[in-house]
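Take a look at the structure below.
The values are calculated or read from the model by the stated rules, or taken from the named source; none is laboratory data. Keep in mind the model is a prediction, meaning the values are calculated, not measured. Quick reminder, even Gly has a Cβ in these numbers, built from the backbone with ideal geometry, and neighbours come from all protein chains shown. What goes into the accessible areas is simple: the full protein's heavy atoms, side chains included, and nothing from ligands, DNA or RNA. Shrake-Rupley method; radii C 1.70, N 1.55, O 1.52, S 1.80 Å.
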Amino acid sequence: MTQTIADLPADARLIANPNLVLREEEDDAALLFDPETGSVNVLNSTGLAVWRLLDGNRDRAQIMGHLREEFDGLDAAAEEQVAALLKRLVAIGAAGVVA
Amino acid sequence: MTKLMPTPRTVDLELTSRCNLRCRYCYYMNNEGVAYEDMPTERWLALFEELGRAKVMDVCLSGGEALLRPDFFELLDGVVRNRMRFQLLTNGWPVTAEVARRLKATGRCNSVQVSLDGSRPEVHEALRGRGSFAPALRAIKILQAEGLPTTVRATIHAFNIEDLPALAQLLLEEIGLPSFSTNAISSLGTQAKYGDDLFLAPALRLRAMHVLAELDGRYPGRIQASAGPLAEWKMFHEMEAARRNGGTIPGRGRLTACGCIYMRLAVRADGAYIPCCMLPQMVLGYAGRDSLEEVWRNAPQFNALRERIHVPLSAFSRCRDCDYNALCTGNCPGTALSAGGDPNRPSDEGCLKLFQQALAAEGLSLW
């Protein structure tokens, strides 16, 4: 069943799907490759920063807080981008919840 | 230099130098300076682990005839285990329903390409050998029945040009493949060693272009070509249109070739790293001895090849006054080396100017 981020409790710790392959191609971009389907998603620098935080130790608020520290603050557009990315990663099965 | 990705996305693996066929135009066999030996299972598996660590996304399995390896599925398990997908190139002879089932079961197959040069035995077997047609056709049907993405590669030569419409009908209508691709004989391998009588004479090359262009119109988007008469037809017309309009084509005018060396490299059956199958003699290192990433980034000959894109075609005497020198890629360094002895100059194969001159000598024209 496709999961959406809205289905997840706010304190759910998010983890990257270990079956996906992250290819860091350039300084600020990466490919997220699913060998099972062949699908490829492109992550920009923000996406890459988010992906690296999906280690199963942080919920959404903690991920956002970490990014604010890392980038010396996030404007509203950036926070929306991060929220949208997390929503998409969960929706496509690239990220899930630690049990 | 164009910024290079940290590791190749795709690696072409010539799993074996063995083949059950002796096609007269084979680019693979009979290349001077190439060791036709096979790496053992464990060395291939170790290489796949290295490819996995390097985040290579997919591999293209070929040979020779890759399915002849008794450990083929053990090697395929290694590809799968290291999180890669694969394409398989085959002459089709070893393909059985069981082979197709096992390929499908991996869930990682991008496609299987079967070589088929004609719609009937006498055409296909003219240069591929007696008895090779039925197994190839059978393989296509078996693979398709198993639900595997199946395609065909037809190499264009003097004996199959007039059969191409029948081949297209067979593949695209009767069998129902989504597409097939075409190629041409190159100046490598068996063809180079044993004579050049198989190259298409100018008139036949033009005829092949016309036949394929007509088929391309009849089956839009279903006949692919990265080399050979159809690819040349399209490229030559693109160049001529740009010339007439006084326009430019981005990335042209220098020795840019196809650009594959920025995204992939190849491994010979004996473990030698090579830039691609068209440069089999250019050994960059050896799997197991040399780091893939180190070879990819720092092999001197590899980086010298990549520097070709900075060489303007106008630097070459033959190209200097050519109307198309700002619109041309200089074509394949592999054929420049095999036919002319130097990979760092334009290749005669695929040269529009030379082709036009040859046609004019026979009272013909491209346009």
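Key figures
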quantity	calculated
Within the range B:82-126, tally of residues that are open to solvent by 60 Å² or more (accessible area, probe 1.4 Å), touching a residue at least 12 places away in the same chain (Cβ under 8 Å) and within 14 Å of chain A (Cβ to nearest Cβ)	3
Total residues in the range B:127-141, condition open to solvent by 40 Å² or more (accessible area, probe 1.4 Å) and in contact (Cβ under 8 Å) with a residue 12 or more places away in the chain	3
Pick from the range B:142-158, criterion outside any loop (DSSP other than H, G, I, E, B) and open to solvent by less than 20 Å² (accessible area, probe 1.4 Å), ranking: farthest from the other protein chains (Cβ to nearest Cβ)	B:156
The range A:29-82, subset of a type in the set (Asp, Glu) and in contact with a helix residue (DSSP H, G or I) (Cβ under 8 Å, 6 or more places away or on another chain), residue most open to solvent (accessible area, probe 1.4 Å)	A:70
Within chain A, strands (runs of 3 or more DSSP E) holding 2 or more residues that are within 14 Å of chain B (Cβ to nearest Cβ) and over 10 Å from the mean Cα position of the chain (by Cα)	A:21-26, A:29-33, A:40-43
When residues of the range B:186-237 are limited to those that are assigned to a loop (DSSP other than H, G, I, E, B) and among the charged types (D, E, K, R), the one farthest from residue B:126 (Cα to Cα)	B:222
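Listed here are the residues, each with its yes/no results for (1) at pLDDT 95 or above; (2) part of a loop (DSSP other than H, G, I, E, B); (3) open to solvent by 40 Å² or more (accessible area, probe 1.4 Å).
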{"site": "B:306", "(1), (2), (3)": "no, no, no"}
{"site": "B:314", "(1), (2), (3)": "no, no, yes"}
{"site": "B:318", "(1), (2), (3)": "no, no, yes"}
{"site": "B:326", "(1), (2), (3)": "no, yes, yes"}
{"site": "B:334", "(1), (2), (3)": "no, no, no"}
{"site": "B:342", "(1), (2), (3)": "no, yes, yes"}
{"site": "B:356", "(1), (2), (3)": "yes, no, yes"}
{"site": "B:364", "(1), (2), (3)": "yes, yes, yes"}
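For (1) charged (D, E, K, R); (2) in contact (Cβ under 8 Å) with a residue 60 or more places away in the chain, each residue gets a yes or a no:
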{"residue": "B:317", "(1), (2)": "no, no"}
{"residue": "B:321", "(1), (2)": "yes, no"}
{"residue": "B:324", "(1), (2)": "no, yes"}
{"residue": "B:330", "(1), (2)": "no, yes"}
{"residue": "B:337", "(1), (2)": "no, no"}
{"residue": "B:348", "(1), (2)": "yes, no"}
{"residue": "B:351", "(1), (2)": "no, no"}
{"residue": "B:363", "(1), (2)": "no, no"}
